[in-house]
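Visitor: After the structure tokens below, expect a handful of questions from me.
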Amino acid sequence: MKRAAMLIVLLWCAMASGMVRVVTTLPELADFTRQIGGDKVKVDFIVRGDQNPHFVEVKPSYMMKLKSADVFLTIGMDLEMWAPQIVDGSRNSSLSVVDLSQAINKLEVPARVDASLGDVHRFGNPHYWLDPRNVRPMMEEIVEALAKVSPGDEGLFRANANAYLKNLDTRIAGWEQTMKPFAGKKVVTFHKSWTYFASWLKLDVAGEVEPKPGIAPSPSHTVEIIDLVRSAGVKAIIVEPFYDLAAPDQIGRATGAKVLQLPTSIGGVDQATDYIALIDYDVRTLAEALR
């Protein structure tokens, strides 16, 4: 029995040795990589969909993930401030660290950054993956990263990416049609995670439950948001699953606005099983609340 188990392990190692070994920060990036690489890649990720990607406790197991990896894919723009520590701890001198934000049209780039402004990102808002139109430049970066490790498979990688993007374009058109009646509608969000999503769908983010990014809601600010929701006719308050619902629920009770827990990542809710399912869930749930 032990001999059979050893043979299985050796066979798996032999099969895996020809793969491009990729670790990603977010599960979305792992999904894109699997779509592009198929059985030519072995993929793992670090942040679960129900975790806040800004704040991740660095663990030795994360360093071990990177120790044998060829490529490490990140969102960049200082979303994963914890990532350099993991890279350094992996002691993997051949690791290719890829920032997928290079070709992104960045929103909310601050004129200045200091502690008084809260958790403001110096390179702009990093939540760009929530606009599915940004998947195309992200996938181009992934294709190039995989092809550097396995140049003989570049044609396959590009063909797989193009097939996925063709399907995604069809889905984007459907989501835009679903949300078209709600263009210009005002929403309130907990954190500034939804800037790209709102820009894509022509929604107006009237305010945030946080008084400043990364700062917990205060009683006085909550009262201000209650007044805003009432005066602006806001129907939906969007909250990521990893944030405390106390302040959003208080606002919802006082105004009648619906509190929606919308995931920003795969696995944030059970229905968000891949990237397309993630965006589909967020669009359908929000559209229902805005009717």
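Visitor: Does at least one position in segment 249-256 carry a residue that is assigned to a loop (DSSP other than H, G, I, E, B), small (Gly, Ala, Ser) and closer than 21 Å to Val47 by Cα?
Guide: No, segment 249-256 has no match at all.
Visitor: On the given criteria, is Ser61 at pLDDT 95 or above, assigned to a loop (DSSP other than H, G, I, E, B) and more than 17 Å from the chain's Cα centre (by Cα)?
Guide: Here the answer is no, as Ser61 does not meet what is asked.
Visitor: Determine which member of the set Thr255, Thr264, Thr285 is within 22 Å of Glu176 (Cα to Cα) and without any contact (Cβ under 8 Å) to a residue 40 or more places away in the chain. Can you show your working first?
Guide: Values: Thr255 fails: within 22 Å of Glu176 (Cα to Cα); Thr264 fails: without any contact (Cβ under 8 Å) to a residue 40 or more places away in the chain.
The match here is Thr285.
Visitor: Here's a follow-up. Consider Gly38 carefully, then state whether it is at positive phi and part of a helix (DSSP H, G or I).
Guide: Spelling it out, Gly38 is indeed at positive phi and part of a helix (DSSP H, G or I).
Visitor: Related question: Any residue in segment 172-189 that's part of a helix (DSSP H, G or I): show its pairings with residues that are surrounded by fewer than 18 Cβ atoms within 10 Å (Cβ to Cβ) and of a type in the set (Ser, Thr, Tyr) at Cβ separation under 7 Å, as long as the two are six or more apart or on different chains.
Guide: Final answer for the pair search is none.
Visitor: I've got another one for you. Collect the residues in segment 81-104 that are surrounded by fewer than 16 Cβ atoms within 10 Å (Cβ to Cβ), assigned to a loop (DSSP other than H, G, I, E, B) and in contact (Cβ under 8 Å) with a residue 12 or more places away in the chain, keeping them in residue-number order.
Guide: Residues satisfying the conditions are Met81, Arg91, Ser94, Gln102, Ala103.
Visitor: For Glu140, indicate whether it is assigned by TED's automatic domain parsing to the domain that holds Val97, acidic (Asp, Glu), out of contact with any Gly (no Cβ under 9 Å at 6 or more places or on another chain) and without any contact (Cβ under 8 Å) to a residue 12 or more places away in the chain.
Guide: Spelling it out, it is not the case that Glu140 is assigned by TED's automatic domain parsing to the domain that holds Val97, acidic (Asp, Glu), out of contact with any Gly (no Cβ under 9 Å at 6 or more places or on another chain) and without any contact (Cβ under 8 Å) to a residue 12 or more places away in the chain.
The values are calculated or read from the model by the stated rules, or taken from the named source; none is laboratory data. If you're wondering where the values come from, they're calculated on a predicted model, not measured in any experiment. Note that each Cβ is placed from the backbone with ideal geometry, even for glycine, and that neighbours are counted across all protein chains shown.
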